[in-house]
1. Hey, what do the phi angles of segment 169-177 turn into as Karplus ³J(HN,Hα) couplings, whole Hz, using 6.51/-1.76/1.60 and θ = phi - 60°, x for Gly and Pro?
2. If you rank 60, 305 by fewest surrounding Cβ atoms within 10 Å, what's the result?
3. Which residue, 46, 55, 122, tops the fluctuation ranking in a GNM of the chain built on C-alpha contacts under 10 Å?
4. With angles folded into 0 to 90 degrees, how steeply does helix 144-157 sit against the dominant principal axis of the chain? Use alpha carbons for both and round to 10.
5. Please order 110, 173, 150 by the number of other Cβ within 10 Å, starting at the fewest.
6. Please compute, for the alpha-carbon atoms of segment 140-234, the extent along each of the three principal axes and give them in descending order in Å.
7. May I ask which of 32/77; 84/202; 118/201; 131/202; 22/195 have a Cα-Cα span longer than 18 Å here?
8. Identify, among 220, 147, 134, the residue whose Cα sits farthest towards the positive end of the charge dipole of segment 83-332, taking +1 on the Cβ of Lys and Arg and -1 on the Cβ of Asp and Glu, with the dipole about the Cα centre.
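Quick note: the coordinates plus some simple rules give every number you see, no bench work behind them. Just so it is clear, the model here is predicted, and its values are computed rather than measured. Virtual Cβ from ideal backbone geometry, glycine too; neighbours counted across all protein chains shown.
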Amino acid sequence: MVITLKPGTTEKGIQHVLDKIKELGFTPHVSKGAERTIIGVIGENAIRSREIFEAMFIVESVMPISQPYKLVSRGFKSEDTVVKVENVEIGGKEVVVMAGPCAVESRAQLLKVAQEVKEAGARILRGGAFKPRTSPYSFQGLGEEGLKYLAEASEITHLPVVTEARDVRQVELVARYAHIVQVGARNMQNFDLLKEVGRGKKPVLLKRGMSSTVKEFLMSAEYILSSGNYNVILCERGIRTFEDGTRFTLDLSAVSLIKQLSHLPVIVDPSHATGNRDLIGPMSRAAIAAGSDGLMIEVHSRPEEALSDGFQSIRPDDFRKVMAEVRSVARVLGRKG
Ligand code: PEP
Ligand code: MN
């Protein structure tokens, strides 16, 4: 359930409610808005204690949350969550583009493309150091060496970095170098990994599992928030359908639906969704029109030589064109491109 406190409630008043929640054996989650403080109460049958809180004079209302996901729901928090990463705000007015290669392949490759995406207007650098590959014989990523190159590229370009932790054992290492920890589609329901990034302090980019419903996606985000980390960015990256003309099927309705159901920022990855570089421009424009807060795009200086996902990677000059189109759509919608 959600307890909304009256405007102007003091810290002492808030603490009094928190103490009561804990005394009853529930876990409180506090969200301080511009005017009101809202407290989510998580625990089995918490709603049965509704009257105890309704009787408190500092309490404005007590509402049950009907969805299975609580902390990620609009019912818990009506304003959009803005995730701040250094000087970048994801979920605010600006449409934020994350770009870079599928995988970090070498220092030279990364530093070059990092500069190129920066000049084109990307706000965050992406690049995998631990790659989830279908085949064990494919390039698996450079591991910590790759993380070091990402940190160096970030220092040079001043772009924050997002990169994937594929396993619980990699989270601490990845968080040491990256500004945002990515949980990949194949790990969306790796609950131990979700709890581990939830216990961390770094913002998390959670990608939708390729065979997951929107409800399951939000439940996975709930794992991260309920572990204490509220800085979660959701990423729609295509789902499996019978359609085989594209690598996956980009589910753009999910973007608009999630914006209704949740306060968390949502971005779209047209690269993995389509697996076709010619569709990156149109799907990027469509994503922004559907309400996406940003994009994640694979860019490679020489896609024909890429060690992974070259077929869907675009060159820096094409990325510049996509950025110009995205900015135009963003402006029409009253957003900053
Ligand atoms: C990626 O972004 O590097 C990636 C592997 O994507 P996904 O987890 O969506 O397949
Ligand atoms: Mn890729």
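1. Taking θ as phi minus 60°, the curve returns 5, 9, 4, 4, 4, 4, 5, 5, 9 Hz for segment 169-177.
2. By the 10 Å Cβ count, ascending: 305, 60.
3. Maximum fluctuation in the GNM of the chain, among the listed residues, is at 55.
4. That helix lies at roughly 90 degrees to the long axis.
5. Sorted ascending by nearby Cβ count, the order is 173, 110, 150.
6. Its Cα atoms span 40, 27, 22 Å along the three principal axes.
7. Details: 32/77 10 Å; 84/202 10 Å; 118/201 26 Å; 131/202 20 Å; 22/195 21 Å.
Flagged as over cut-off: 118/201; 131/202; 22/195.
8. 220
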